[in-house]
Amino acid sequence: DIIRTIRDPEKPNTLEELEVVTEGGVEVQEIGEDEYLVIIRFTPTVPHCSLATLIGLCLRIKLQRCLPFRHKLEIYISEGTHSTEEDINKQINDKERVAAAMENPTLREIVEQCVTEPE
């Protein structure tokens, strides 16, 4: 429910409407007392989507802000659905790269527009 309202960076639709994120792509496992591993697999609309990294960043930021419990978060592109999935998976699961990306004012503004709940 938390990620279904994230908007696509290029289109007026949500990631759920575009079937970039689906309920089947979300997995939650208990890894300790009151701590969970949340795994998200998303499918870009095209195999060469230039905004796949940005979509992964939006998913990470929204979940970090909104999950009401302690968690470890892993975000992946669905296997075989993007031409550079391995590189993108590394990037969106690297804390330093995510922090550096969010220090970029232009990128941060785009992420905020995508993750802000519609009124």
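The values are calculated or read from the model by the stated rules, or taken from the named source; none is laboratory data. Treat the numbers as computed from the prediction; the structure is a model and nothing was measured. Here Cβ is always computed from backbone atoms with ideal geometry, including for glycine, and neighbour counts include all displayed protein chains.
Structure summary
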quantity	calculated
Long-range neighbours under 7 Å by Cβ, at least six apart or interchain, first residue hydrophobic (A, V, I, L, M, F, W, C) within the range 60-73, second modelled with pLDDT under 95 and surrounded by fewer than 11 Cβ atoms within 10 Å (Cβ to Cβ)	PHE69/ASP34
Output for the range 100-119, where each listed residue is of a type outside the set (Lys, Arg) and in contact with a helix residue (DSSP H, G or I) (Cβ under 9 Å, 6 or more places away or on another chain)	ALA101, MET102, LEU107, ILE110, VAL111, GLU112, CYS114, VAL115
The range 94-119 residues that are of a type in the set (Asp, Glu), paired with ones that are surrounded by 10 or more Cβ atoms within 10 Å (Cβ to Cβ) and modelled with pLDDT under 95 (beta carbon under 7 Å, 6 or more apart)	GLU117/THR5
